[in-house]
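First up is the structure itself, then whatever we jot down about it.
The values are calculated or read from the model by the stated rules, or taken from the named source; none is laboratory data. Bear in mind that the values here come from a model prediction, so they are computed numbers and not experimental data. Please note: Cβ atoms are built from the backbone with ideal geometry, for glycine as well, and neighbour counts cover all protein chains shown.
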Protein chains: 2
Amino acid sequence: MTITIKDVAKRANVAPSTVSRVIANNPNISMRTKEKVRSVMEELGYYPNVNARNLVNNRTNVIGVIMPSASYAPFQNPFFPEVLRGITAEANEKRYGLYLSTSQTEEAILDEVKDMVHSRRVDGLILLYSTIDDPVIDFLLEKSFPFVIVGQPAEQLREAVSFVNNDNVKAAKMMTEYLLLLKHNRIAFIGGRSDAFVTIDRKSGYCEALEAAGIELDESLMVYHDEIFEGGEKAVIELMSRKTPPSAMIVTDDLMALGVLRMLFSMNISVPDDMSVVSFNNVLMSKLSTPPLTTLDIRIFELGYKAAQMVRQRILDPETPPKGLIVDHHLIRRATSKTYVE
Amino acid sequence: MTITIKDVAKRANVAPSTVSRVIANNPNISMRTKEKVRSVMEELGYYPNVNARNLVNNRTNVIGVIMPSASYAPFQNPFFPEVLRGITAEANEKRYGLYLSTSQTEEAILDEVKDMVHSRRVDGLILLYSTIDDPVIDFLLEKSFPFVIVGQPAEQLREAVSFVNNDNVKAAKMMTEYLLLLKHNRIAFIGGRSDAFVTIDRKSGYCEALEAAGIELDESLMVYHDEIFEGGEKAVIELMSRKTPPSAMIVTDDLMALGVLRMLFSMNISVPDDMSVVSFNNVLMSKLSTPPLTTLDIRIFELGYKAAQMVRQRILDPETPPKGLIVDHHLIRRATSKTYVE
DNA sequence: TTGTATGCGTTATCAG
DNA sequence: CTGATAACGCATACAA
């Protein structure tokens, strides 16, 4: 008993096609009929049926968002909500809908993506993760389906796919230089999964800065841990056990840095007096910690916003060559960093 | 150029309707043709077009999720990602898709909901917020569209709508009793927006416990703040300025409690030695703070999971009367609470 | 400027 | 057990 274009047509004494044209705001429909039709639509409470529309248009005006497989991780890390917020903002502006993936394993994700693409559920995809040899990407590339990666794509794909990312090398270099300028010369590096592109890139930046400063790299000061929070705690134990412990630590993730802070606190090592700690991402939590973290804002919201912009662009004209977009970063000085004193 | 049910039919030498039946796994199709058709589907790489299917079925197998309007807030508070995780899990199990609202103002949300409903974009909705006199709810009720609220519905709607919630009165009462048993007798209450149902209910529980213990209520020990984090800081300033400051604080939100902790720290008031602090929600952050928070786990994931279950149920048979579901809570003792000593 | 006719890819009804 | 055929609601090519 839902009211359709035909009902409107009948009531307005026009053909269904005319109503359709009014909806599309077709320029060569007289103002007079437009108004008439519109008022009837209003009167009858007409709403277009998206499914019918999608069917004939072969287009849904919906963007799919694919979360990483680590079933729990994605939503634990404030990074994801924040990108999502950026995506949401852009999508809303442009009247696009958002369809969220729900799969929890790599295999299921691949299936879901295939389904989304084949069944024409979405017009384009945003991948909120990036791993090497991802079959999802191969699939999308083969189908030439519009998509954008948030993060760093695998080396061999840099030219082939669109992505939005930070310059993590440069970012980490800057953070290291900052500590160097604060007179620190034993600076530790605490990273996440050592095979993640973020970790790799940030480590490179760290090393570059040290080398440029003529400081010899010390592998014993670089540690990696998978666990987002506990990893930070473990790292501190390891690092403080070195013969000459560092006076500063660069942590690749704010949450991990919270673990670091807590372990240091429990060891009675005062931050920033006895130890400087800087991290990356500037998630909300980083300003709520005690003491608040000096961190690098990577503009997560913008990453999402731009990604949404890019998919839409690729949806609209799929022929334009893919491109990588780099989003700026900004140092947020708070209370965990301080000049080194003997 | 996409391959349809007709292509499969032709190739398998059957009618399109037969293919359709095979897809639906219709029992009265011979095993023989079923297999033949299936193999052709495989061979041709056939995927059903959801839009066509939705059109004729008038059903999408998609659940819509409506976030609160406070444009930034939702994703800042770890509560939302976590409910979303629960919803996601259930939806995935049952092969339902998730459609996310993107609107940022109350007005826009109403429009978006109307659109989602009228245009048949989703089969049911989950509202991740609950305010009094919400026009969205009136609309959904009037359309008898399946939906579930996560949170406490307005008094006059308790019987009319389905919802999933905690028993916040009982929860707060328990937290208060816990502090009472730790010999605290000046216990402060720090709440969020005073017109939010959560705040109201938790305050009630707090009062109930105090009264039961024969402790006179002291309005000067109850403060409210809208800002999720700064609110905690302000509250501490106010409360510690009282003639006789409290020895314990009940904070209605973990994030706010972080603000509390930080302000206490800066005042050199040691937690838990000089002040006990307990809060609600048990979001990830609460265990990462220094010291880790004693808090009440409200099973956020389960709230989402059950909500998804309930909408599906209401979608499948809309006739069953609405019901309210209460999810359990659990005290998580960590390091911010301690027996009171003079 | 507007109407007619047809198709989008499925499912469902009705025959056979 | 299977095949024709008519919807589902909309958009567009072609006519008028």
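What pairs come out if I take residues in segment A:48-64 that are within 15 Å of B:Thr60 (Cβ to Cβ) and pair them with residues that are within 9 Å of DNA strand C (Cβ to nearest atom) and assigned to a loop (DSSP other than H, G, I, E, B) whose C-beta lies under 7 Å away, six or more apart or interchain?
A:Thr60/A:Arg120
Each row is one residue, and each column tells you yes or no for (1) near DNA strand D (Cβ under 8 Å from one of its atoms); (2) of a type outside the set (A, V, I, L, M, F, W, C).
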| residue | (1), (2) |
| --- | --- |
| A:Arg21 | yes, yes |
| A:Ile29 | no, no |
| A:Val37 | no, no |
| A:Val56 | yes, no |
| A:Phe79 | no, no |
| A:Ile87 | no, no |
| A:Asn92 | no, yes |
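Out of the residues in segment B:256-280 that are touching a Phe, Trp or Tyr at 6+ places or on another chain (Cβ under 8 Å) and within 14 Å of chain A (Cβ to nearest Cβ), state the one that is surrounded by the most Cβ atoms within 10 Å (Cβ to Cβ).
B:Leu258
Pull up segment A:9-19, narrow it to residues that are within 9 Å of DNA strand D (Cβ to nearest atom) and of a type outside the set (Gly, Ala, Ser), then point me to the one that is farthest from the other protein chains (Cβ to nearest Cβ).
A:Thr18
Filtering segment A:303-335 down to residues that are surrounded by 19 or more Cβ atoms within 10 Å (Cβ to Cβ) and not hydrophobic (A, V, I, L, M, F, W, C), which residue is nearest to A:Arg158 (Cα to Cα)?
Step by step, filter segment A:303-335, then rank; the result is A:Pro322.
Taking the options B:Thr131, B:Thr105, name whichever one is more than 16 Å from DNA strand C (Cβ to nearest atom) and either of a type in the set (A, V, I, L, M) or under 18 Å from B:Phe197 (Cβ atoms) (or both).
B:Thr131
The rows are residues; the columns are (1) closer than 20 Å to A:Ser204 by Cα; (2) in contact with a Lys or Arg (Cβ under 7 Å, 6 or more places away or on another chain); (3) assigned to a loop (DSSP other than H, G, I, E, B).
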| position | (1), (2), (3) |
| --- | --- |
| A:Ile126 | no, no, no |
| A:Ser130 | yes, no, yes |
| A:Asp138 | no, no, no |
| A:Ser144 | no, no, yes |
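So which residues in segment A:96-137 are more than 9 Å from every other protein chain (Cβ to nearest Cβ) and farther than 22 Å from B:Ile87 by Cα?
A:Asp123, A:Gly124, A:Ser130, A:Thr131, A:Ile132, A:Asp133, A:Asp134, A:Pro135, A:Val136, A:Ile137
Inside segment A:7-16, can you point out the residues that are within 11 Å of DNA strand C (Cβ to nearest atom) and either touching a Ser or Thr at 6+ places or on another chain (Cβ under 9 Å) or not hydrophobic (A, V, I, L, M, F, W, C) (or both)?
A:Ala9, A:Lys10, A:Ala12, A:Asn13, A:Val14, A:Pro16
Being under 17 Å from the mean Cα position of the chain (by Cα) and not small (Gly, Ala, Ser) is the filter; apply it to segment B:110-131 and report the residue that is farthest from B:Val50 (Cα to Cα).
B:Thr131
Only one residue in A:Thr60, A:Thr33, A:Thr2 is within 16 Å of DNA strand D (Cβ to nearest atom) and in contact with a His (Cβ under 9 Å, 6 or more places away or on another chain), so which one is that?
A:Thr2
Every residue in segment A:290-309 that is away from every other protein chain (no Cβ under 14 Å) and either in contact with a Lys or Arg (Cβ under 8 Å, 6 or more places away or on another chain) or hydroxyl-bearing (Ser, Thr, Tyr) (or both), please.
Across segment A:290-309, the qualifying residues are A:Thr294, A:Thr295.
So which residues in segment A:17-44 are within 19 Å of B:His118 (Cα to Cα) and either buried (at least 18 other Cβ atoms within 10 Å of the Cβ) or near DNA strand C (Cβ under 10 Å from one of its atoms) (or both), if there are any at all?
A:Val19, A:Ser20, A:Val22, A:Val37, A:Val40, A:Met41
So for segment A:194-203 (the condition being in contact with a strand residue (DSSP E or B) (Cβ under 6 Å, 6 or more places away or on another chain), away from chain B (no Cβ under 14 Å), outside any loop (DSSP other than H, G, I, E, B) and hydroxyl-bearing (Ser, Thr, Tyr)), does at least one residue qualify?
Yes, there is a match, as at least one residue in segment A:194-203 is in contact with a strand residue (DSSP E or B) (Cβ under 6 Å, 6 or more places away or on another chain), away from chain B (no Cβ under 14 Å), outside any loop (DSSP other than H, G, I, E, B) and hydroxyl-bearing (Ser, Thr, Tyr).
Among the residues of segment A:23-34, is any closer than 26 Å to B:Val50 by Cα and aliphatic (A, V, I, L, M)?
The answer is yes, given that some residue of segment A:23-34 is closer than 26 Å to B:Val50 by Cα and aliphatic (A, V, I, L, M).
Could you go through segment B:208-220 and let me know if any residue there is part of a helix (DSSP H, G or I), crowded, with 20+ Cβ neighbours inside 10 Å and either among the small types (Gly, Ala, Ser) or within 21 Å of the chain's Cα centre (by Cα) (or both).
yes
Can you list the helices (runs of 4 or more DSSP H) lying wholly within segment A:228-342 that have 2 or more residues being of a type in the set (Gly, Ala, Ser), in contact with a helix residue (DSSP H, G or I) (Cβ under 8 Å, 6 or more places away or on another chain) and over 27 Å from B:Phe265 (Cα atoms)?
A:300-316
How many residues are buried (at least 22 other Cβ atoms within 10 Å of the Cβ) and touching a Phe, Trp or Tyr at 6+ places or on another chain (Cβ under 9 Å) if we restrict to segment A:291-302?
5
Select from segment B:227-255 the residues that are surrounded by 13 or more Cβ atoms within 10 Å (Cβ to Cβ), more than 20 Å from B:Tyr340 (Cα to Cα) and free of Cβ contacts under 8 Å to residues at least 40 places away in the same chain and list them in ascending order.
B:Glu227, B:Phe229, B:Glu230, B:Glu233, B:Lys234, B:Glu238 - these are the residues of segment B:227-255 that are surrounded by 13 or more Cβ atoms within 10 Å (Cβ to Cβ), more than 20 Å from B:Tyr340 (Cα to Cα) and free of Cβ contacts under 8 Å to residues at least 40 places away in the same chain.
Which condition number in (1) without any contact (Cβ under 8 Å) to a residue 60 or more places away in the chain; (2) in contact with a Gly (Cβ under 9 Å, 6 or more places away or on another chain) is the one that A:Met41 fails?
It is condition (2) that A:Met41 fails.
Here are some conditions: (1) touching a strand residue (DSSP E or B) at 6+ places or on another chain (Cβ under 6 Å); (2) in the same structural domain as A:Met116 (by TED's automatic domain parsing). A:Leu179 meets all but one. Which one does it not meet?
The one condition A:Leu179 does not meet is (2).
From the list B:Asp115, B:Asp123, exactly one residue is at pLDDT 95 or above and of a type in the set (D, E, K, R). Which is it?
So the residue among B:Asp115, B:Asp123 that is at pLDDT 95 or above and of a type in the set (D, E, K, R) is B:Asp123.
Conditions: (1) more than 22 Å from B:Ser130 (Cα to Cα); (2) within 25 Å of the chain's Cα centre (by Cα); (3) small (Gly, Ala, Ser). B:Ser204 meets all but one. Number of the miss?
Just one mismatch for B:Ser204, condition (1).
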